[in-house]
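Engineer: Here it is, the structure in full.
The values are calculated or read from the model by the stated rules, or taken from the named source; none is laboratory data. If you're wondering where the values come from, they're calculated on a predicted model, not measured in any experiment. Don't worry about glycine lacking a Cβ; one is built from the backbone with ideal geometry, like all the others, and counts go over all protein chains shown.
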Amino acid sequence: MIVASRKPLDEIIEIIGDYEKVLIAGCGTCVEVCHAGGEKEVEILASQLRMKFGKEGINKEFLSDTVERQCELEFIEPFLEKAEDLDAILSMACGVGVNFLADRLDSLPVLPALDTTFYGATEEQGVWTEKCSGCGKCILHLTGGICPITRCSKSILNGPCGGSDGGKCEISADVDCAWHLIYERLKALNQLENIQAINPIRDWSTGLDGGPRKMVREDLRL
Amino acid sequence: MKAGSNLEKVLSSGEFAVTAELGPPKSADPQVIIEKGNILKGYVDAVNITDNQTAIVRMASIAAGAIVVKEGIVEPVMQMVTRDRNRIAIQSDILGAAALGIKNCLCLAGDHHSSGNHPSAKNVYDLDSIQLVAMLKAMRDDKVFQCGEEIEEVQPQLFIGAAWTPLADPKEIRVIRLAKKVAAGADFIQTQGVYDVKSFAESMKKACDMGLCEDTYILAGIIPLKSAGMATYMQKSVPGVNVPDEMIKRLKDAGRKRAGAEGRKIAVELIQQLREVEGVRGVHIMAIEWEERVPGIVEKAGLLPRPSL
């Protein structure tokens, strides 16, 4: 899923600025699962903002609504319908939702309430880890299912580098060396031959380095 | 001859090579390079010029290398890390470096920038060190850029180096990585600092058994210790560096004033021991901000005079 965290309240207040009537828009998929921008978090943020501005005697109105997903047109219709009556939408979706709404609202500001962080998994309650970068050309079959592009701090393809120590990365003793993990995993799978040949220079254009991406499936188009 | 550098001539003639390290200043002052270079002149076959080591901004390795070439002081080994440049910048820099008379290049990934003085920088790592070696070899021998386009006359003639940390874990993969660097085209190897000669010799044996010692020239790394504190730090914090307890004790016993001299004595002993290890074709002395101590170490180790080829 896409993992995100809510911005600090002070930053959100600064982002809201002078807008008076603001819809706090939640998203009920990824960011609900990671407790950043689902229905519950929308109501908490709305209460916090109402209390904060109420206490200071500043007149602002915060509406709240959460849809299933802000990245699909059919779900964001309710927000688009309410747009005319608002000064801004404060989206609690990931960056995809903010962009998707902004693309469709010519004259209404869409503001982010979250910092979108990574594609990750829930390791345990309250702990998420990054696993994929969406690079557009998967090589996980060669690396024992462990992504060097995402989980190696240098994204190197012929690791481990000389900074690996005791299975940990040179950037922090809290970060596992991805290439140490890959080595151990390939050894267990009897696939060490996968890393004996030189992994050639990569074509990064399949990722963001090639510019913003778009996927068209003609077989699915109406 | 692949590049015709002095380092290549020394190594190919069978002489035991000596290289050292020169750290450029955190300023635009060429005098620092000239002074450090002059200290090392006559005592080494070539000098590695570090490339923003530990991700701290310093004068460019290419520029510092060009200064020592122009002044006729000493032959540089330009270090090139893949941390800060993509393939476009690297190839452009390589053409420029060769045009400025630089003939050796050590290919490195570089320390991650999170521990340097610009931790908020954007990460590059378009290539890794092994891919950099392969790219430089293709530029030199196949006369092509990475994209496949032909390089017009004149192609960059570089003696290509790579680093090796034989004692970092997982140890089993370190020889595999060395083999990959050699297969990619590494003409010479400079290792991480060695203190544990016995373990190093075991790794060297594995490398030689694979035929790697014939396919490349391996220079063992020497990092002279200044104090017991430095030795303890290296032991604890530098991956692949194992300083034996008795060495730390020697530095402690020497006392604060004499620890530096003891560290240099240890360096001389290490050089003499490493000379006996099969496959070691030279030493690379990394005296961090201690360049003035290199001549004495080289002299005491019996490595003078340096060959004139």
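Engineer: With respect to A:Met92, is the statement that it is loosely packed, with under 13 Cβ neighbours inside 10 Å, among the hydrophobic types (A, V, I, L, M, F, W, C) and at pLDDT 95 or above true?
Structural biologist: no
Engineer: Same structure, new question: Every residue in segment B:195-240 that is touching a Gly at 6+ places or on another chain (Cβ under 6 Å), modelled with pLDDT of 95 or more and either among the basic types (Lys, Arg) or more than 21 Å from B:Leu303 (Cβ to Cβ) (or both), please.
Structural biologist: B:Cys208, B:Lys226 - these are the residues of segment B:195-240 that are touching a Gly at 6+ places or on another chain (Cβ under 6 Å), modelled with pLDDT of 95 or more and either among the basic types (Lys, Arg) or more than 21 Å from B:Leu303 (Cβ to Cβ) (or both).
Engineer: Let me ask something additional. For residues in segment A:56-108 being of a type in the set (Val, Ile, Thr) and in contact (Cβ under 8 Å) with a residue 40 or more places away in the chain, which is farthest from A:Pro212 (Cα to Cα)?
Structural biologist: A:Thr66
Engineer: Taking the conditions exactly as written (within 13 Å of chain B (Cβ to nearest Cβ) and either over 24 Å from B:His113 (Cα atoms) or buried (at least 19 other Cβ atoms within 10 Å of the Cβ) (or both)), does A:Asn158 satisfy them or not?
Structural biologist: yes
Engineer: So, in segment B:197-211, how many residues would count as being under 19 Å from the mean Cα position of the chain (by Cα) and without any contact (Cβ under 8 Å) to a residue 40 or more places away in the chain?
Structural biologist: Adding up the residues that qualify gives 1.
Engineer: For segment B:139-150, which positions are more than 10 Å from chain A (Cβ to nearest Cβ) and either closer than 23 Å to B:Ala207 by Cα or touching a residue at least 12 places away in the same chain (Cβ under 8 Å) (or both)?
Structural biologist: B:Met139, B:Arg140, B:Asp141, B:Lys143, B:Phe145
Engineer: Right, something else. Considering only residues that are under 24 Å from B:Ala46 (Cβ atoms), free of Cβ contacts under 8 Å to residues at least 40 places away in the same chain and within 7 Å of another protein chain (Cβ to nearest Cβ), which ones fall in segment B:151-182?
Structural biologist: If the condition is that a residue be under 24 Å from B:Ala46 (Cβ atoms), free of Cβ contacts under 8 Å to residues at least 40 places away in the same chain and within 7 Å of another protein chain (Cβ to nearest Cβ), then no residue fits.
Engineer: Another question, if that's okay. Is it the case that some residue within segment A:171-180 is part of a strand (DSSP E or B), outside the structural domain of A:Val96 (by TED's automatic domain parsing) and touching a residue at least 24 places away in the same chain (Cβ under 8 Å)?
Structural biologist: Taking segment A:171-180 and keeping what is part of a strand (DSSP E or B), we get A:172-176.
Filter again for outside the structural domain of A:Val96 (by TED's automatic domain parsing), leaving A:172-176.
Checking the rest, the ones that are also touching a residue at least 24 places away in the same chain (Cβ under 8 Å) come to A:176.
Within segment A:171-180, one or more residues are part of a strand (DSSP E or B), outside the structural domain of A:Val96 (by TED's automatic domain parsing) and touching a residue at least 24 places away in the same chain (Cβ under 8 Å).
Engineer: Right, here's the next one. Would it be correct to say that A:Ser153 is more than 13 Å from chain B (Cβ to nearest Cβ) and either touching a residue at least 40 places away in the same chain (Cβ under 8 Å) or assigned to a loop (DSSP other than H, G, I, E, B) (or both)?
Structural biologist: Working: more than 13 Å from chain B (Cβ to nearest Cβ): no; either touching a residue at least 40 places away in the same chain (Cβ under 8 Å) or assigned to a loop (DSSP other than H, G, I, E, B) (or both): yes.
Considered against the rule, which asks whether it is more than 13 Å from chain B (Cβ to nearest Cβ) and either touching a residue at least 40 places away in the same chain (Cβ under 8 Å) or assigned to a loop (DSSP other than H, G, I, E, B) (or both), A:Ser153 comes out as no.
Engineer: Restricting to segment A:36-67, count the residues that are farther than 11 Å from A:Val22 by Cβ and surrounded by 18 or more Cβ atoms within 10 Å (Cβ to Cβ).
Structural biologist: Here the count works out to 7.
Engineer: Something else: Within segment B:222-229, does at least one residue satisfy the condition of being assigned to a loop (DSSP other than H, G, I, E, B) and surrounded by fewer than 23 Cβ atoms within 10 Å (Cβ to Cβ)?
Structural biologist: Among the residues of segment B:222-229, at least one is assigned to a loop (DSSP other than H, G, I, E, B) and surrounded by fewer than 23 Cβ atoms within 10 Å (Cβ to Cβ), which makes the answer yes.
Engineer: Hey, among B:Leu270, B:Leu304, which residue is at pLDDT 95 or above and either buried (at least 22 other Cβ atoms within 10 Å of the Cβ) or under 20 Å from B:Ala163 (Cα atoms) (or both)?
Structural biologist: B:Leu270
Engineer: Give the residue that is nearest to the other protein chains (Cβ to nearest Cβ), with candidates limited to residues of segment A:181-198 that are touching a helix residue (DSSP H, G or I) at 6+ places or on another chain (Cβ under 8 Å) and in contact (Cβ under 8 Å) with a residue 24 or more places away in the chain.
Structural biologist: Among them, the one singled out is A:Ile198.
Engineer: Given the conditions (1) assigned to a loop (DSSP other than H, G, I, E, B); (2) within 14 Å of another protein chain (Cβ to nearest Cβ), and given that A:Leu142 satisfies all but one, which numbered condition is not satisfied?
Structural biologist: Going through the list (1) assigned to a loop (DSSP other than H, G, I, E, B); (2) within 14 Å of another protein chain (Cβ to nearest Cβ), A:Leu142 breaks only (2).
Engineer: So in segment B:183-192, with the set limited to residues that are touching a residue at least 24 places away in the same chain (Cβ under 8 Å) and at the interface with chain A (Cβ under 8 Å from one of its Cβ atoms), which one is nearest to the chain's Cα centre (by Cα)?
Structural biologist: Residue satisfying both the conditions and the ranking: B:Gln192.
Engineer: Would you mind stating whether B:Ile90 is touching a helix residue (DSSP H, G or I) at 6+ places or on another chain (Cβ under 9 Å) and under 14 Å from B:Leu132 (Cβ atoms)?
Structural biologist: Yes; evaluated as a whole, the condition is true for this residue.
Engineer: Can you name the condition, by its number, that B:Cys213 falls short on among (1) assigned to a helix (DSSP H, G or I); (2) within 14 Å of another protein chain (Cβ to nearest Cβ); (3) not aliphatic (A, V, I, L, M)?
Structural biologist: Of everything listed in (1) assigned to a helix (DSSP H, G or I); (2) within 14 Å of another protein chain (Cβ to nearest Cβ); (3) not aliphatic (A, V, I, L, M), B:Cys213 misses just condition (2).
Engineer: What is the residue count in segment B:251-298 for residues that are part of a helix (DSSP H, G or I) and more than 23 Å from B:Ser5 (Cα to Cα)?
Structural biologist: Adding up the residues that qualify gives 28.
Engineer: Kindly indicate the residue of segment B:63-74 that is surrounded by 22 or more Cβ atoms within 10 Å (Cβ to Cβ) and out of contact with any Lys or Arg (no Cβ under 8 Å at 6 or more places or on another chain) and also farthest from B:Ile222 (Cα to Cα) among those meeting that condition. Walk me through how you get there before you give the answer.
Structural biologist: Our first condition is that a residue be surrounded by 22 or more Cβ atoms within 10 Å (Cβ to Cβ); within segment B:63-74, this holds for B:64-66, B:68, B:74.
With out of contact with any Lys or Arg (no Cβ under 8 Å at 6 or more places or on another chain) added as a condition, the list becomes B:64-66, B:68.
Numbers: B:Ala64: 22, B:Gly65: 22, B:Ala66: 25, B:Val68: 23 Å.
Among those that are surrounded by 22 or more Cβ atoms within 10 Å (Cβ to Cβ) and out of contact with any Lys or Arg (no Cβ under 8 Å at 6 or more places or on another chain), it is B:Ala66.
Engineer: Would you confirm whether or not segment B:11-33 contains a residue that is in a helix (DSSP H, G or I) and under 15 Å from the mean Cα position of the chain (by Cα)?
Structural biologist: Checked segment B:11-33: at least one residue is in a helix (DSSP H, G or I) and under 15 Å from the mean Cα position of the chain (by Cα).
Engineer: I'm trying to understand the selection: among the residues of segment A:68-126, which are of a type in the set (A, V, I, L, M, F, W, C) and within 13 Å of the chain's Cα centre (by Cα)?
Structural biologist: Keep residues of segment A:68-126 that are of a type in the set (A, V, I, L, M, F, W, C), which gives A:71, A:73, A:75-76, A:79-80, A:83, A:86, A:88-90, A:92-94, A:96, A:98, A:100-102, A:105, A:108, A:110-111, A:113-114, A:118, A:121.
Of everything in segment A:68-126, those that are of a type in the set (A, V, I, L, M, F, W, C) and within 13 Å of the chain's Cα centre (by Cα) turn out to be A:Cys71, A:Met92, A:Ala93, A:Cys94, A:Val96, A:Val98, A:Ala113, A:Leu114, A:Phe118, A:Ala121.
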